[in-house]
1. Quick one: what are the phi-derived ³J(HN,Hα) couplings along the range 250-261, Karplus 6.51/-1.76/1.60 with θ = phi - 60°, whole Hz, x for glycine and proline?
2. So for the chain, taking the charge dipole from beta-carbon charges (+1 Lys/Arg, -1 Asp/Glu), which of ALA247, ALA265, CYS27 sits furthest toward the positive end?
3. Given the C-alpha centroids of the range 158-237 and the range 310-324, what is the distance between them in whole angstrom?
4. Near the amide H of ASP224, under 5 Å away, which other amide H atoms are found, from residues 5 or more places off or on another chain, if H is placed in the peptide plane?
5. Along the charge dipole of the range 115-231, pointing to its positive end and built from +1/-1 on Cβ of Lys, Arg, Asp and Glu, which listed residue (TYR123, PRO206, ASN140) has its Cα farthest out?
6. Under unit Cβ charges (Lys, Arg +1; Asp, Glu -1), what dipole magnitude, rounded to 20 debye, does the chain have relative to its Cα centre?
7. With θ set to phi - 60°, apply the Karplus curve 6.51 cos²θ - 1.76 cosθ + 1.60 along the range 72-86 and write out the HN-Hα couplings as whole Hz, x wherever there is a Gly or Pro.
8. Based on Cβ point charges of +1 for Lys and Arg and -1 for Asp and Glu, what charge dipole magnitude is obtained for the range 150-302 about its Cα centre, in debye rounded to the nearest 20?
Amino acid sequence: MSKILKTVAGIATGAMLTTAGAASAECGKVSITEMNWASSQIITEVSKFLMEQGYGCTVEKVPSATTTSVASLAENGEPDIVTELWLNSTGDVYAKLEADGKVERMAEVFNPGGVEGWWIPTYLAEAHPELTTIEGVMANPDLVGGRFNNCPDGWGCRIVNDNIITALNLRGSMDVFDHGSGETLGTSIASAYENKEPWFGYYWAPTAVLGKYPMTQVKIADVDPAIHSRNNEKDSANPGVSDFPPAPVLTVATTDLAAREPDVAALMRNVSFEINLLNSVLAWQDNNSASAEEAAVYFLTNHSDVWSQWVNDDAKAKLAAFIK
């Protein structure tokens, strides 16, 4: 473990030791999802720390994923809080829970939302500004390596990409390479950057990859919600050309939690991360082989200007030692 990681881990331990005794009966037990991907785990750890050390809660992390968390809310009314819920992955189940008054939207946890799109390395965009539009890319396929790096089969983005590719007749300009996994897709960007080679393809945020490697988004077209909806249909009969709109990604809580712990609900309504900031935290985590808890403490110790605006005055007083 690097020196900085030891320092951060020490701060985390010190925080727990010095503030554990401050927890009081003002907040009871709160359950929160621990999703199986990095950004949501960091959001959970940040929220858990603030609830425990600022509000005196006893917080239980519940291992979960998108489908299982929504199913658990529907069947059991638990957990109290779900972090990083991507609405485009929940079908009609979440909408029914909300309509039935079982859950409430706390916040859009990313600003401006989950980001998807087609990208080139920024060094390529600076050398060839014409490549920042799809028209420029298709007119100069050699400058992007003559290849589009596509999503793996089975991913939602693969369906959308394939429809856009068909609508553009992109295969008439270049090869389309379908990656076998998200890991190889990310590795292809890292390899291009290492060798300062051309690269063109799909990626998304928040991710460590876009935090580590400056990428410039290629403008496909204006966002057209009707076209994008059609492009979400596998082998759409009428595919079109639309850019990806920001994906709505929420923190949600049960209405029971909102009534039982109004201060906690008020906190979670404020927890929202600017996407590039979260990318940078994910990049730090990856570079340091850090845990989600260590990455959360890194965020808390380096960005108090952000999270200090989320907490109420009482919590801010308890957390004053960590506010710069």
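1. Once rounded to whole Hz, the list reads 10, 9, 10, 9, 5, 5, 4, 4, 4, 7, 6, 10.
2. In the chain, that residue is CYS27.
3. Each part's Cα centre sits 42 Å from the other's.
4. ASP243
5. PRO206
6. Values: 21 positive and 41 negative charges, 122 e Å.
Taking the Cα centre of the chain as origin, the dipole is about 580 debye.
7. Rounded to whole hertz, the list is 5, 4, 5, 8, 10, x, 9, x, 5, 10, 10, 9, 6, 8, 7.
8. On the way: 9 positive and 19 negative charges, 51 e Å.
That gives the range 150-302 a dipole magnitude of about 240 debye.
Read-outs: derived from the displayed coordinates by stated rules, not from any lab. A quick note: this is a predicted structure, and the numbers were derived from the prediction, not measured. Positions of Cβ are generated from backbone atoms using ideal geometry, with glycine treated the same way; all protein chains shown enter the neighbour counts.
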